[in-house]
Amino acid sequence: MMISVLCVDDEPNMLYLSKTFLEKTGEFVVDTASSAQEALTRLQQTEYDIIVSDYIMPVLSGLDFLRILRKQGNHIPFILVSCRGQEMEIVEAINDGLSGYLTKEGDPAYNFAMLSHRINQVVSLKRSEEGWKESEERFRFLYTHMAEGVALFTLIRDENGNPVDFRFEDVNLRYEEIFNYTADMVRGRCISDIIGYVPCLLACSSVVESKTPIFFEKFLKRPSKYFSISVSPWLETGFAMIFSDITRRVKAEEQLRETSEYLQKLITHAGTPIIVWDKEGNITQVNRAFEDLTGYAQDDLIGRTIRCILPEDDTERLFSIIHLTSLGMHLESTEIPVRIKTGDIRILKWNSANIKDNQGSLRATIALGVDVTREKELEEENATAVFQLKRNLAELAILNDGIRNPLAVILACAEFQDETSYPRITHQVWEIDKMIDQLDSRWIESEKILKFLEKHYRIGYTGKSGKYSESSDLDQVSG
């Protein structure tokens with residue numbers, strides 16, 4: 001980075017030589033002024049890294065120029081060029097903030113080389129000081145306004161070198177807010193004087209000795225909050241203690257744990273069978289109702305594939321339906337039979353939900369089953385009864401026709417009987433015919449009842465086998 005220099009001298013030749021030599025090095029950009037007054041004007045218009053001024057000048061000397069600058073609060077590096085015999089004035093100038101001085105006597109080339117070296121030296125030091133000061137200010141700002149409370153301590157030892165206490169050196173604003181102690185209240189005092197005891201003495205002394213930080217979490221009665229605390233070495237005999245308030249996180253974790261325990265109890269003690277499997281189809285949890293239904297203990301099932309509870313003759317087809325949940329789909333009143341420990345089959349209607357992690361990835365599926373085995377048996381019995389009723393009605397219709405035909409023959413034969421027998425025979429025929437009419441009426445009413453049951457209660461057969469027609473398995477799996 002180029003160094004900007006303002007050279008001030010009342011001799012034009014010296015200004016020319018100074019500018020020429022310094023700029024020839026490629027390190028400097030040089031402006032010139034023939035008097036201190038002109039230099040003051042230039043300083044109002046341009047910023048420079050350093051001033052090189054002759055000591056003896058008319059009106060205002062180099063020393064006068066320096067004093068004016070310092071009085072104005074301008075601390076720009078300042079090198080004074082003087083002649084021999086002016087050492088007392090130079091000492092006085094140093095007291096006024098002079099950065100360095102050189103003499104004009106001797107070899108000019110050597111003098112200008114020394115001037116170049118001295119300018120570099122002074123400006124580098126100034127820039128380092130400014131950088132250090134800027135870093136310190138940034139650190140102080142960050143330290144003061146940190147979201148965490150910070151306290152700086154010095155470890156106190158007894159005459160035998162054993163740690164006995166630690167002394168406050170400083171605290172930041174957040175520490176003051178957390179503990180309600182201002183920096184002025186604690187600075188220079190031992191912590192035992194403030195709170196009545198020395199917390200974590202051995203741990204903190206080990207940090208000072210080993211120069212290795214430690215971290216822990218602790219509940220502090222004052223201010224009745226949870227903190228994550230880090231202790232780090234600071235200087236030779238001190239340490240920094242940083243307090244992060246984690247009360248909200250701890251309470252959220254406690255609430256989450258309580259909620260999880262509540263849900264776990266709810267699942268465990270629910271009266272409906274519940275099973276959980278991972279995305280590979282391995283069982284991770286069952287509740288007591290599921291144990292009661294199947295006869296398997298939870299330990300018998302955890303870690304095993306869900307295939308182990310499916311009927312052996314239809315395992316893969318049913319597993320393919322269940323495995324659709326790993327693709328994000330879920331079961332909706334899907335009938336899936338379960339093989340219990342005795343080998344018997346129970347039919348359950350399953351509804352499932354997918355469990356996802358914070359990133360939205362599937363972790364597991366939880367399914368709730370309703371045992372509809374008895375319901376299916378009753379449906380089968382109802383269907384059998386309806387089927388038998390339909391068959392009886394059909395046979396009754398045939399029987400009615402079968403009875404009427406012989407009656408017609410009997411009535412025709414009665415024509416050939418004597419007058420005494422004919423009326424009695426015809427009377428009986430008509431009585432039988434009335435009963436057949438009543439049977440026809442009851443048959444029609446029975447047909448209406450069957451249609452009503454089929455329409456409103458879905459009772460009916462699809463074929464001679466007596467099996468119900470059912471929707472496709474995939475129709476009962478939703479995305």
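The values are calculated or read from the model by the stated rules, or taken from the named source; none is laboratory data. This is a predicted model, so every value here is computed, not measured. Here Cβ is always computed from backbone atoms with ideal geometry, including for glycine, and neighbour counts include all displayed protein chains.
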Going by what's in this entry, would residue 226 be described as over 18 Å from residue 152 (Cα atoms) and either assigned to a helix (DSSP H, G or I) or hydroxyl-bearing (Ser, Thr, Tyr) (or both)?
yes
Checking 49, 9, 54 in turn, the sole residue that is in contact with a strand residue (DSSP E or B) (Cβ under 6 Å, 6 or more places away or on another chain), of a type outside the set (Phe, Trp, Tyr), closer than 21 Å to residue 124 by Cβ and surrounded by 15 or more Cβ atoms within 10 Å (Cβ to Cβ) turns out to be 49
Which numbered condition residue 393 fails, given (1) in contact (Cβ under 8 Å) with a residue 40 or more places away in the chain; (2) of a type in the set (A, V, I, L, M, F, W, C); (3) outside any helix (DSSP H, G or I)
(3)
Out of 429, 386, which single residue is touching a helix residue (DSSP H, G or I) at 6+ places or on another chain (Cβ under 6 Å) and either part of a helix (DSSP H, G or I) or on the phi < 0 side of the Ramachandran plot (or both)?
429
Within region 283-340, which helices (runs of 4 or more DSSP H) (wholly inside it) include 3 or more residues that are closer than 21 Å to residue 375 by Cα?
288-294
Can you pull out every residue in region 96-120 that is within 12 Å of residue 81 (Cα to Cα) and not in a helix (DSSP H, G or I)?
98, 99, 100, 101, 102, 103, 104, 105
Here's a check for you: in region 280-296, which residue that is surrounded by 19 or more Cβ atoms within 10 Å (Cβ to Cβ) and of a type in the set (S, T, N, Q) is farthest from the chain's Cα centre (by Cα)?
294
Let me confirm something: among 280, 291, which residue is at pLDDT 95 or above, assigned by TED's automatic domain parsing to the domain that holds residue 348 and closer than 30 Å to residue 323 by Cα?
291
How many of the residues in region 32-86 are within 20 Å of residue 103 (Cβ to Cβ), assigned to a helix (DSSP H, G or I) and basic (Lys, Arg)?
0
Out of curiosity, is residue 250 among the aliphatic types (A, V, I, L, M) and more than 16 Å from residue 151 (Cβ to Cβ)?
yes
Please list, ordered by first then second residue, the pairs with beta carbon atoms under 6 Å, 6 or more apart or interchain, first in region 118-147 and in contact (Cβ under 8 Å) with a residue 24 or more places away in the chain, second part of a helix (DSSP H, G or I) and surrounded by 13 or more Cβ atoms within 10 Å (Cβ to Cβ).
144/173; 146/174
Members of region 70-82 found to be free of Cβ contacts under 8 Å to residues at least 24 places away in the same chain and closer than 15 Å to residue 53 by Cα, listed by number
75
Name the single residue that is surrounded by the most Cβ atoms within 10 Å (Cβ to Cβ) among those in region 316-350 being of a type in the set (S, T, N, Q) and within 16 Å of residue 278 (Cα to Cα).
325
The lone exception for residue 352 - which of (1) outside any strand (DSSP E or B); (2) under 30 Å from residue 284 (Cβ atoms) it fails
(1)
Residue, farthest from residue 268 (Cα to Cα), within region 297-315, restricted to residues that are of a type outside the set (Val, Ile, Thr) and crowded, with 18+ Cβ neighbours inside 10 Å:
310
Would you be able to say whether some residue in region 417-424 is surrounded by 11 or more Cβ atoms within 10 Å (Cβ to Cβ), farther than 19 Å from residue 384 by Cβ and modelled with pLDDT under 75?
yes
Residue hits (region 242-295; aliphatic (A, V, I, L, M) and under 30 Å from residue 143 (Cβ atoms)) are 242, 246, 250, 252
Report those helices (runs of 4 or more DSSP H) wholly inside region 142-213 carrying at least 3 residues which are within 12 Å of residue 241 (Cα to Cα).
201-210
Take the residues of region 355-376 that are in contact with a helix residue (DSSP H, G or I) (Cβ under 7 Å, 6 or more places away or on another chain) and within 21 Å of residue 282 (Cβ to Cβ): which is surrounded by the most Cβ atoms within 10 Å (Cβ to Cβ)?
365
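Yes/no matrix, rows are residues, columns are (1) touching a helix residue (DSSP H, G or I) at 6+ places or on another chain (Cβ under 9 Å); (2) under 15 Å from residue 112 (Cβ atoms); (3) among the basic types (Lys, Arg):
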| site | (1), (2), (3) |
| --- | --- |
| 13 | no, yes, no |
| 25 | yes, yes, no |
| 29 | yes, no, no |
| 54 | yes, yes, no |
| 58 | no, no, no |
Answer yes or no: is there a residue in region 138-156 that is out of contact with any Gly (no Cβ under 7 Å at 6 or more places or on another chain), charged (D, E, K, R) and modelled with pLDDT of 90 or more.
yes
